[in-house]
Amino acid sequence: MIRRAVTRSGVLLLVGVVVNVLVAWTLVAIPHQMSWRIEHFPTEGTIASAGMRTPPGWEPRTLVVRRGFGVRMRLLTEMEWMGSRLGMMMDSQNRSVNVCEAGWPMLSLRLDGVQSDRYAGASGWLARTWIGGLEAPLRLVGGGGGYGVYLWPDRLPVRPVPLGFVVNSVVYAALVFVMAPMPRRARRWWRGRRGKCRRCGYTLAGLESCPECGEARQGAGRVETATTGRAREKGRLEAGPSVRQ
């Protein structure tokens with residue numbers, strides 16, 4: 001019994017992890033309305049408040065923070081915001097750190113954009129994928145050339161945000177646990193409503209139990225109990241006067 005419960009819990013958690021990843025990828029792959037916050041020549045305070053840090057030796061000129069349903073993107077760059085796009089500067093190395101996090105109800109997966117020093121320093125496909133995300137099999141709606149690649153990722157995040165990943169996986173596992181039996185229960189209810197065996201679907205046609213699987217007909221037990229109760233009450237009433245005599 002304990003082994004079965006542990007196995008079932010493990011399977012549910014695994015399903016929760018898979019659903020968690022798929023939800024985060026879907027939120028990244030389908031752009032939606034997002035709020036913007038753009039800081040020109042940001043200070044250390046505004047950079048820290050956005051959850052970023054200035055790499056050593058950098059002179060950041062622009063901080064872009066975008067938030068949407070289940071998505072947060074942050075860009076810290078040495079390029080300057082030109083009103084509608086980022087412009088490369090002649091007196092700068094134009095380096096950028098691009099971070100995207102996705103997930104719901106909490107942010108659970110993260111990637112560092114390909115312009116970051118951290119990504120450039122990774123060696124091997126596995127390390128670069130862990131940091132910079134998985135290359136999408138299809139072109140993402142939000143990905144694109146030019147400055148668009150800085151503002152919306154064209155890769156899928158795979159690196160967990162520890163707290164968000166655990167919370168989301170547990171939440172989705174609980175939802176699966178609650179919702180998984182519902183189709184079976186609905187099917188049994190529908191079969192019983194149509195006068196069929198709730199287990200195998202055999203037409204009962206006035207039978208009290210299914211001749212195929214032995215399942216009792218829906219409501220038969222309740223009818224029998226009510227009938228027995230009325231008979232017992234009738235017998236008690238008939239026996240009452242004789243007892244008093």
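Per-structure values
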| item | result |
| --- | --- |
| From the options V6, V23, residue that is in a helix (DSSP H, G or I), among the aliphatic types (A, V, I, L, M) and within 20 Å of E135 (Cα to Cα) | V23 |
| Region 171-210: number of residues that are assigned to a loop (DSSP other than H, G, I, E, B) and of a type in the set (A, V, I, L, M, F, W, C) | 7 |
| Any hit, region 139-150, residues being assigned to a loop (DSSP other than H, G, I, E, B), at pLDDT 85 or above and farther than 22 Å from V17 by Cβ | no |
| Among the residues listed as P42, P31, P60, the single one being out of contact with any helix residue (DSSP H, G or I) (no Cβ under 9 Å at 6 or more places or on another chain), part of a loop (DSSP other than H, G, I, E, B), crowded, with 18+ Cβ neighbours inside 10 Å and not small (G, A, S) | P42 |
| Single unsatisfied condition, G16 versus (1) under 25 Å from R155 (Cα atoms); (2) of a type outside the set (S, T, N, Q); (3) touching a strand residue (DSSP E or B) at 6+ places or on another chain (Cβ under 6 Å); (4) crowded, with 19+ Cβ neighbours inside 10 Å | (3) |
| L107 vs. criteria assigned to a strand (DSSP E or B) and within 27 Å of G16 (Cα to Cα) | no |
| Failed item, numbered, when M52 is tested on (1) assigned to a loop (DSSP other than H, G, I, E, B); (2) in contact with a strand residue (DSSP E or B) (Cβ under 6 Å, 6 or more places away or on another chain); (3) more than 23 Å from P162 (Cβ to Cβ); (4) of a type outside the set (K, R) | (3) |
| Any chance T7 is of a type in the set (S, T, N, Q) and under 15 Å from the mean Cα position of the chain (by Cα) | no |
| Meets criteria (at pLDDT below 90, over 21 Å from R110 (Cβ atoms) and not β-branched (V, I, T)) for P56 | yes |
| Cross-chain or 6+ apart pairs with Cβ under 7 Å, region 163-180 first and hydroxyl-bearing (S, T, Y), then part of a helix (DSSP H, G or I) | S169/L13; S169/G16; S169/V17; S169/N20; Y172/G16; Y172/V19; Y172/N20 |
| K196 being over 30 Å from V19 (Cβ atoms) and at pLDDT 80 or above | yes |
| Within region 45-56, tally of residues that are surrounded by 13 or more Cβ atoms within 10 Å (Cβ to Cβ) and either closer than 24 Å to N168 by Cα or in contact (Cβ under 8 Å) with a residue 24 or more places away in the chain (or both) | 4 |
| Test: residue in region 91-112 that is of a type in the set (A, V, I, L, M, F, W, C), buried (at least 18 other Cβ atoms within 10 Å of the Cβ) and at pLDDT below 85 | no |
| Which numbered condition F165 misses (of (1) closer than 18 Å to W25 by Cα; (2) modelled with pLDDT under 60; (3) not in a loop (DSSP other than H, G, I, E, B)) | (2) |
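The values are calculated or read from the model by the stated rules, or taken from the named source; none is laboratory data. The structure displayed is predicted, hence computed values, not measured ones. Neighbour counts run over all protein chains shown; Cβ positions are idealised from the backbone, glycine included.
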